[in-house]
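Please read the structure below before turning to the comments.
The values are calculated or read from the model by the stated rules, or taken from the named source; none is laboratory data. Being a predicted model, the structure only gives us computed values, none of them experimental. Positions of Cβ are backbone-derived with ideal geometry, glycine not excepted, and every protein chain shown enters the neighbour counts.
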Amino acid sequence: MLIKETPWDATAFGLPTWELTEYSEAALQLAKQTSGHCTIKVDPLANKQLLNQYDFYYCDTLIEPRCNAARLRRFQHPDATISKDFDADLILQIGHSAFEHGRFHRDFNLPKYAADLRYDNWLKQLLEAKQVYGLYWKGKLAGFIGYTNSSLVLHALAKQQRGKGRAKFWWTAVCVELLANGYDEINSSISASNLGALNLYASLGFSFFNPKDIYHHISP
């Protein structure tokens with residue numbers, strides 16, 4: 001299979017959406033013949049000539065932070081706590097429009113409101129699955145971290161909580177809890193342009209792996 005559907009994206013953008021499973025001319029040809037929005041992830045050092053030839057355009061570079069219990073640097077503060085007891089509507093308010101580093105927000109061929117909807121829908125799914133930690137500062141909801149198994153997949157802080165150096169306390173608490181649940185390693189996926197997240201993970205002892213350049217294509 002050279003191409004697979006991504007129905008969760010199609011719901012938000014109102015057009016067929018696809019992801020290529022390999023970087024080959026056959027896959028690119030198929031993408032160009034397929035109506036809708038296509039994504040491909042390629043090694044940053046790969047020759048991009050074929051992508052240019054088939055009208056794919058660059059959107060983002062993703063990297064994967066990873067850390068185990070031995071490497072994790074732990075930061076604690078008595079005012080920073082986590083809980084799964086929260087108002088879901090407040091979580092959704094914090095998450096709405098918070099993912100400006102996301103590749104769909106950076107895709108100039110897609111409307112911003114649809115990119116927001118894509119992340120809103122993802123957060124709702126995590127909330128329904130009870131896979132979200134609320135982050136609290138002095139008892140007030142300050143943000144959230146959504147996870148799947150041992151992966152931190154979606155996270156955001158309220159605007160007034162950003163830039164204060166507090167994230168390391170909440171990320172420590174969530175990582176410690178997931179490791180206590182039996183996982184050997186915690187991982188995530190972040191945009192290389194998101195320097196705040198990159199510096200946060202580095203400060204906690206995470207190392208970075210598996211960079212991927214993300215290219216998009218739209219066919220009528």
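Remarks
- Annotation note: of 31, 26, the sole residue that is assigned by TED's automatic domain parsing to the domain that holds residue 8, over 21 Å from residue 211 (Cβ atoms), more than 25 Å from the chain's Cα centre (by Cα) and at pLDDT 95 or above is 26.
- With respect to the conditions (1) within 25 Å of residue 194 (Cα to Cα); (2) touching a residue at least 12 places away in the same chain (Cβ under 8 Å), residue 27 falls short on a single one, namely (1).
- Taking the listed residues 189, 203, 193, the one that is within 23 Å of residue 11 (Cα to Cα) and touching a residue at least 40 places away in the same chain (Cβ under 8 Å) is 189, with no other qualifying.
- Residues (in contact (Cβ under 8 Å) with a residue 24 or more places away in the chain and out of contact with any Ser or Thr (no Cβ under 7 Å at 6 or more places or on another chain)) located in segment 112-124: 114, 115, 117, 118, 119, 120, 122, 123, 124
- In the set 115, 98, only one residue is in a loop (DSSP other than H, G, I, E, B), crowded, with 17+ Cβ neighbours inside 10 Å and small (Gly, Ala, Ser); that residue is 98.
Residue-wise test of (1) buried (at least 19 other Cβ atoms within 10 Å of the Cβ); (2) in contact with a Lys or Arg (Cβ under 7 Å, 6 or more places away or on another chain); (3) hydrophobic (A, V, I, L, M, F, W, C).
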position	(1), (2), (3)
141	no, no, yes
148	no, no, no
152	yes, no, yes
159	no, no, no
194	no, no, no
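Residue-wise test of (1) polar (S, T, N, Q); (2) closer than 24 Å to residue 185 by Cβ.
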| position | (1), (2) |
| --- | --- |
| 1 | no, no |
| 6 | yes, no |
| 10 | no, no |
| 39 | yes, no |
| 44 | no, yes |
| 49 | yes, no |
| 68 | yes, yes |
| 71 | no, yes |
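So that you can scan it fast, the table gives a plain yes or no per residue for (1) closer than 24 Å to residue 153 by Cα; (2) in a strand (DSSP E or B); (3) in contact with a His (Cβ under 8 Å, 6 or more places away or on another chain):
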site	(1), (2), (3)
4	yes, yes, no
26	no, no, no
29	no, no, no
39	yes, yes, yes
45	no, no, no
61	yes, yes, no
64	yes, yes, no
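- Residue list for segment 173-212, filter: under 12 Å from residue 64 (Cα atoms), part of a loop (DSSP other than H, G, I, E, B) and either hydrophobic (A, V, I, L, M, F, W, C) or outside the structural domain of residue 163 (by TED's automatic domain parsing) (or both): 192, 206
- If you filter segment 67-121 down to residues that are hydroxyl-bearing (Ser, Thr, Tyr) and at pLDDT 95 or above, you find that the one that is nearest to residue 197 (Cα to Cα) is 119.
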